[in-house]
Structures are given as structure tokens and as C-alpha cells.
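A short worksheet on the structure shown next.
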Amino acid sequence: MNLVYNSDVLPASHWMTPPTDRAFQYGDGLFETIRYEKNRVWFWPDHYDRLRQGMAALQLNVPTQFDSDTLHEQVMALIHQNELADGSARIKLQVWRQTGGLYTPTTRAANWLLTAQPTSPFTVTAKAHLGFFTAVRLVSSPVSRFKTLNALPYVLAGLHRQQHGYDDVILLDTAGHVAECMASSVFWRHNGQWFTPSLDTGCIDGILRRQLLRTQVVEEGLYAPETLATADAVFCANVNGIQTFGGTSADAITPLLHLIGLGAPV
């Protein structure tokens, strides 16, 4: 497998990061996880927009050859170099501050890394057990909506899910509102209306979340966990797939998928 590091194509086995790297030392960066399937990079404009907004929030300068069109071309070239063009691929684009300083950095220059690996097709799957993780709460901040390299709340949520045998868990904000699932946005339907948590909870500005909010079918706000108990459909979604809970059928969310151009994955 090849990767792209600061515009240079390298074998993955040849790339190394030094111990002074700020991604390693401080988590001083962010990333995007992007899906390639059916001969296209899904929702590329939104991924690039979220990444650029996150870089601005972290006060990172934009590297050369990092405009949307050039970067998209490099993504597609890497897909073909890694012989993934005919299948499904998981693309990860990471951006972090170059070495220098301790908590206070000495530069705004950024490194970036692009990788692409095979993955499973986008699916809708039914799951049985959805729990809550309350030990760590999410806080809204200038960077909370982005995928930063500090993912400890989600790592601990993953351990909680594993230890208790849940299929997924919901994280809450400091006020006790529903925020998001472990690695995806959460949605539910009540009396014919679809809902999702507001970014004010500290949840990630999810890419599928963006698509669904644009349909004006989904309403966002601040909701207590008890709200889910009265929902007639619940699902968690990200670009890697959708999980339905509580007996929610794929048929319940098919109209939403058609609205955002995904059809009805199986």
C-alpha cells in the first residue's frame, strides 16, 4: 500500500514519524474519514469544508497543493495506485502542526497524510443493544465539532461499550443532553418528526448529519435521554454505514436515504 505525505507518494512501510511530532506529543491536529464507493469520493465538498474550518480553528496554515481540486485528484490517484478503484475504500486525511514548541507551538505550518485502505460496502444493519456512556461528558467549544486527534472520550466510550456488551453507546453533554453515538450521529423519530442533537452539545458536525439537515426533514435541538424511550425509530449514522436500534426497520429510514442520494443500501 502507498500513502501520500505532504504531496509525496511513499510506500506505507517507508513512512515514519519522529518522537517530537506534535500529533504524537499533543494531539495537535485533526482528521477526516472519507468513503470511496461506486467510483466516487462521497461528499467530498463537505469533508474538505469541515477540514478547512477545523484547520482555521486550530490556527493551521494551508499547505501548498491543498486546494480542493488538487487534493481530490491526489485522493483518486492513491485509490488507483492501491488498486481500490473497483471496490469500497476508507480514506483517512490527517493534518497536524509541524514540530516546534511545547504547549505553545512555534509554528502554524502543517503536515498532512493521506491513506486509503479497502473497507466494507455502505450498509444498513439492525442492532439490538444501545446503551449510554456517562462517565465522560462532551463540552461545546470552538473545536468540538471537528474530528481532532484527541479522541479520548470516544476511546473510553468504546471500552464501556465492549465491557457491557452494547452494540453502540450514546454520549451526553455536561447538561445531560443526548449528544451522539460513539462514532456516529444519532437520529430518532417521534410522531412523524425526525430529530438529532444540536452542535451545542459538543457533538461532531457529522457529514451524513449535514446531508440530512439540508433536507429540512430533521430538526436539531437539545434533548434529554428520556426522549429516546418514546421514539418509534432510532438510528446512528456516519459515512461508513447506518445502525438501526429498537426494532427500527431499514424501511423506516429509506426515504431519508433517498433524499440525500444514497438510495437504499443493504
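Couple of notes before you dig in:
- Taken over segment 7-57, the criterion of being on the phi > 0 side of the Ramachandran plot and either at pLDDT below 95 or of a type in the set (D, E, K, R) (or both) is satisfied by 7, 38, 39.
- Taking segment 69-84 as the range and being open to solvent by less than 20 Å² (accessible area, probe 1.4 Å) and either under 17 Å from residue 149 (Cα atoms) or of a type outside the set (A, V, I, L, M, F, W, C) (or both) as the test, only 82 passes.
- Condition check for residue 257: within 22 Å of residue 34 (Cα to Cα), part of a helix (DSSP H, G or I) and out of contact with any Pro (no Cβ under 8 Å at 6 or more places or on another chain): no
- Scanning segment 189-206 for residues that are of a type in the set (A, V, I, L, M, F, W, C) and open to solvent by 10 Å² or more (accessible area, probe 1.4 Å) yields 194, 195, 199, 204.
- Any hit, segment 9-21, residues being closer than 28 Å to residue 241 by Cα and of a type in the set (Asp, Glu): no
- Scanning segment 85-113 for residues that are of a type in the set (A, V, I, L, M, F, W, C) and either crowded, with 18+ Cβ neighbours inside 10 Å or more than 12 Å from residue 20 (Cβ to Cβ) (or both) gives 85, 89, 91, 93, 95, 96, 109, 110, 112, 113.
- Residues of segment 12-44 classified as more than 25 Å from residue 80 (Cβ to Cβ) and among the acidic types (Asp, Glu), total: 2
- Members of segment 1-22 found to be in contact with a helix residue (DSSP H, G or I) (Cβ under 9 Å, 6 or more places away or on another chain), part of a strand (DSSP E or B) and either free of Cβ contacts under 8 Å to residues at least 24 places away in the same chain or open to solvent by less than 70 Å² (accessible area, probe 1.4 Å) (or both), listed by number: 2, 3, 4
- Residue satisfying condition, being over 23 Å from residue 261 (Cα atoms), assigned to a helix (DSSP H, G or I) and open to solvent by 70 Å² or more (accessible area, probe 1.4 Å), within set 65, 59, 25: 25
- Any hit, segment 34-50, residues being in a helix (DSSP H, G or I) and over 20 Å from the mean Cα position of the chain (by Cα): no
- Considering only residues in segment 208-240 that are in a strand (DSSP E or B) and open to solvent by less than 10 Å² (accessible area, probe 1.4 Å), the one that is farthest from residue 33 (Cα to Cα) turns out to be 233.
- Residue within segment 144-167 that is aromatic (Phe, Trp, Tyr), in a loop (DSSP other than H, G, I, E, B) and over 23 Å from residue 32 (Cβ atoms) present: yes
The values are calculated or read from the model by the stated rules, or taken from the named source; none is laboratory data. Being a predicted model, the structure only gives us computed values, none of them experimental. Cβ coordinates were reconstructed from backbone atoms using ideal geometry, including for glycine residues, and neighbour counts include every protein chain displayed. Remember, those area values only see protein heavy atoms, side chains included, never the ligands or the DNA or RNA. Shrake-Rupley method; radii C 1.70, N 1.55, O 1.52, S 1.80 Å.
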